[in-house]
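Engineer: This is the structure I want to talk about, given as structure tokens.
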Amino acid sequence: MTDKIKVLVIADHPMAPSGVGTQTRYIIETLLKTGKYKFICLGGAVQHKDYNPQKIQGWEEDWVVFPVKGYGTPEMVRSMVMNEKPDMLWFMTDPRFYGWLWMTENEIRPHIPMIYYHVWDNYPYPHFNKKFYESTDVIVSISKVTHDIVNNVAPDVENHYLPHAVDTNIFRSFKDEEIKRAQQQHFNDESDKFTFFWNNRNARRKMSGSLICWFHEFAEEVGPEKVRLIMHTDPKDPNGQDLPLIMENIGATDGRVLLSTTKVPPEHLAVMYNLADCTINISDAEGFGLATLESLACGTPIIVNMTGGLQEQVTDGKEWFGIGIEPASKAIIGSQQVPYIYEDRVSKEDFIASLHKMYNMTRDERKLLGLKGQQHVKKNYNFENFQKSWIKIMEDVHKTYGSWETRRGYKTWTLKEIA
């Protein structure tokens, strides 16, 4: 028997390189270091070779991951709750993946509170999410857009604004001599090319095909021997486009577009951000966008679509830390699961103009943008505040809502007046 607070986690596998996986790992490691917690994780969103439980090295029995398909099933969660007796359930990512979980909240919440680290990409207010929000004890919102949405859709639910953070011990500015060595190692005699970097999943909303085609046009205008675009992604992701085929079709296989396909640790990503002159993200929907925050932490300015969490990264309302492109169209799109949401599309003309603007800046002008962005990250997205905030939120949830014999704040019934 232990007096540690036991947390059941449902999210991407915490050792996965995705933004959700990375942030989940950061939060778990932060709480483990207090000595007050232990974790059982359903690690999903990736294909697993082995579905046996995994004990994370260094944490013994305090951190066990059960690999799952998707994000698990109601049966798995029921079994975990009843057999493991956790003190709370913490889950993260898009609510589209958790309808099945909220359907079972009447079985879970009588015993333990549910804490949701929530992201939503855009307006209009998703009132169809109200039932989900109200089936949760505490919501922690990743972006200012998400925080405003929850406050308006479900004002009675406890809601905290706590954005992603980056480890600035890893994502940092390199010294000039470090950059020169890395340039020689990676680019040899082509170190003087202006380098744009794109680090994203090759998925429809990420606009990867448009990015290649539009960058190709820009390269033709300034001279393809002067610029390059490095895309760190899976070029044949089944949820995205066939990037090599697009490059071949438009004649962009001469080195102006380079594909980086090997999964690398954060330290290697930091090198790539430092080698870049600018990092790009023009997704038509982006809850937060961790890569651009990592880029700013390294002192590299960004070009982004003014949507979702990207807009709070590129400007604080007074200063700019790159170029923000206002969407040329805001179309209401939807599905049976998500009846309506804005899809923010930038235009080719605005994007290419932004590339020219960044390209034509002096090195000192770009460096100043990057340094301002770095200070923005240190002030508003720093790791220390991120860790302190999560420690406080989780401690407050445990004290306020309790679990099992001490469970508080949840009623299995409601009173309604019938006219």
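Engineer: Evaluate the relative contact order of the chain (contact order divided by residue number), counting alpha-carbon pairs under 8 angstrom at least 6 apart; express in whole percent.
Structural biologist: 15 percent
Engineer: Which one of Y161, Y51, Y359 has the biggest mean-square fluctuation once the chain is modelled by GNM with Cα springs under 10 Å?
Structural biologist: Residue with maximal mean-square fluctuation among Y161, Y51, Y359: Y51.
Engineer: Here's another thing I want to ask about it. From the helices alone, meaning DSSP H stretches of at least four residues, give me the mean residue ellipticity at 222 nm for the chain, per-run term -39500 (n - 2.57), in deg cm²/dmol to the nearest 500.
Structural biologist: -11000 deg cm²/dmol
Engineer: Related question: Quick one: angle between helix 176-187 and the longest Cα principal axis of the chain, in degrees between 0 and 90, rounded to 10, please.
Structural biologist: 80 degrees
Engineer: I've got another one for you. Sequence-distant or interchain residues sharing an amide H contact under 5 Å with G308, placed H: which?
Structural biologist: Amide H neighbours of G308, under 5 Å, 5+ apart: E286.
Engineer: Let me ask something additional. Which aspartates and glutamates have a Cα lying under 14 Å from the Cα of K55, excluding residues fewer than 8 positions away in the same chain?
Structural biologist: Straight-distance partners of K55: E29.
Engineer: Once you've got the GNM for the chain with C-alpha springs shorter than 10 Å, pick whichever of L42, L229, L32 has the biggest mean-square fluctuation.
Structural biologist: Its mean-square fluctuation being the largest, the pick is L32.
Engineer: Could you check the spin-label model distance between K193 and T406? Points 7 Å from the Cα along Cα→Cβ, value in nm.
Structural biologist: According to this spin-label approximation, the distance is 6.0 nm.
Engineer: Once Rh is set to the Kirkwood radius over Cα pairs, what Stokes-Einstein translational diffusion coefficient, in µm²/s, holds for the chain at a temperature of 25 °C and a viscosity of 0.890 mPa s?
Structural biologist: 108 µm²/s
Engineer: Take the alpha carbon atoms of segment 92-133, find their center, do the same for segment 178-251, and report the distance between the two centers in whole angstrom.
Structural biologist: Spelled out, the Cα-based centre of one part sits 37 Å from the other.
Engineer: Just for the chain, what percent of DSSP beta bridges are antiparallel, to the closest 5?
Structural biologist: Expressed as a percentage, antiparallel bridges in the chain total about 15.
Engineer: GNM on the chain, C-alpha springs below 10 Å: top fluctuator among Q313, Q184, Q23?
Structural biologist: Maximum among the listed residues: Q184.
None of the figures in this text is laboratory data; all of them are computed from the coordinates on show. Note that this is a predicted model, so its numbers are computed, not measured. Neighbour counts are summed over all protein chains in view; Cβ atoms, including those assigned to glycine, are modelled from backbone coordinates with ideal geometry.
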